[in-house]
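The values are calculated or read from the model by the stated rules, or taken from the named source; none is laboratory data. Treat the numbers as computed from the prediction; the structure is a model and nothing was measured. Ideal geometry is used to build each Cβ from the backbone, glycine not excepted, and the neighbour counts take in all protein chains shown. Surface areas here come from the heavy atoms of the whole protein model, side chains and all, with no ligands, DNA or RNA. Shrake-Rupley method; radii C 1.70, N 1.55, O 1.52, S 1.80 Å.
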Protein chains: 2
Amino acid sequence: MKERILLKAEALFWKFGTRSITMDDISRDIGISKKTLYQHFTDKDDIVYQVMLYRLDKNRENVSCYMAMAHDPIEEILLASEMMRQHLAEMNPALWIDVQRHYPRAWEVCTEFKEKFLLESIRNNLKRGIEQALYRPEIDVEIMARLRMELIRMAFDTDVFPRGVTAMIEVQIQLLHHFVRGILTEKGILIYNQYVKEHQNDPASTTL
Amino acid sequence: MKERILLKAEALFWKFGTRSITMDDISRDIGISKKTLYQHFTDKDDIVYQVMLYRLDKNRENVSCYMAMAHDPIEEILLASEMMRQHLAEMNPALWIDVQRHYPRAWEVCTEFKEKFLLESIRNNLKRGIEQALYRPEIDVEIMARLRMELIRMAFDTDVFPRGVTAMIEVQIQLLHHFVRGILTEKGILIYNQYVKEHQNDPASTTL
């Protein structure tokens, strides 16, 4: 039951943001009584917090899966980014701002996920890529890892990429492929070109 | 006389920011009376504004020189970035924040310079690079031009690149070379590698 509530609540937050959704909305949407809802969660703050924990755990699992599935660091970064892109595409952009301003506990686990898990995963990817001579040995792992994190955020930033000028999905795809191309060695470029042909079946990406 | 005042005032602002410098400081530093200073400028706001106009005109001239000197778009972007890097290296980081908050007329010409001249120069560089098959035809000129503008700003952003972790000059060099590598074709990479060997004589860059 708890997981079902978390998934439903997440879908509501994802679509409408956290602020406009009440405990009533959540219980009505799932078809349970408010009493049942309060058996699992103390209040909305608690639901937002636990949804965030749940989602970030799933993200950690997914990243581990991609790391196991991928044949090399290049495929890993392409697969993980594609997963993230699909996931974020459905999100209400107001959600992050809501959480940052009004749900400090949830925001804290989110920040920790970014600063510890995500940044560390990117660092590891870069180090392995350099070891395997797929990424250029001159790149500074720390600077490039932080750049990649910032690029993920930047794609949503309408001050940098005004919506009238560019579509967000195209911005994300361009920033990803530009980032990857920028770190590759000549050997890496050959492998990258093959993955682009094989993996990217959606029309927006096949141009790359 | 006016140009001499502008250059001296700029040097003071560059080093100490605008807020702590008074009309007295400027006249004393140049060795002229305040009366003479006020013959050329109505107040400090006017000096800040005219310093900004003067500097941005010089920047436009410099960029034109680099475009004339450069053999191709790759050399152009490397030379222009090196000029900017050297120029910004001497700047008090508080200066931009001071100007943005307290000198709206000066900030407006600065924003116009960035949005019109700089962005347009980068767009032109990218278009010519694609035409000459040095830059990948898949890159979106608008997105990449805005990315480059944001990367210039980002190198100063201590939230993204904390100073304890990375030195600013190394961040700028890494972001520049990563940006350029990310847009190059295989043909472009060959030419780029030659320029890196020839032009970059400072120790921090020769590793690239």
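Computed quantities for the displayed model
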read-out: Cα-based convex hull, the protein assembly as shown, per residue volume (Å³, whole number); value: 170 Å³
read-out: Label distances, nm, A:Gly164 versus same residue in remaining copies, Cβ-directed 7 Å point; value: 4.3
read-out: Other-copy label distances relative to A:Cys65, 7 angstrom Cα-Cβ extension, nm; value: 5.8
read-out: Gyration tensor (Cα) of the range B:63-206, equivalent ellipsoid semi-axes in angstrom; value: 26, 19, 14
read-out: Solvent-accessible area buried by B and A, counting both chains, probe 1.4 angstrom, square angstrom; value: 2900 Å²
read-out: Extension gain, A:Gln194 back to A:His102 (0.36 nm per residue minus Cα-Cα distance, nm); value: 28.6 nm
read-out: Chain A, closest residue to the rotation axis toward B, by beta-carbon, whole angstrom; value: A:Gly182, 2
read-out: Residue mean of other protein chain beta carbons inside 10 Å, A:137-147; value: 6
read-out: Sulfur and carbon atoms: percent of accessible area, the range B:63-206 [1.4 Å]; value: 56 percent
read-out: Shielded by partner chains, the range B:174-191 residues - at least 20 Å² of accessible area, 1.4 Å probe, vs chain alone; value: B:Gln174, B:Leu175, B:His178, B:Arg181, B:Gly182, B:Glu186, B:Ile189
read-out: Accessible area expressed per residue, the range B:63-206, with surrounding protein chains retained (probe 1.4 Å, Å²); value: 46 Å²
read-out: For B:Leu184, residues with placed amide H under 5 Å, excluding near neighbours; value: B:Arg136
read-out: Shortest-first distances to equivalent copies, position A:Pro104, nm, label 7 Å out along Cβ; value: 3.4
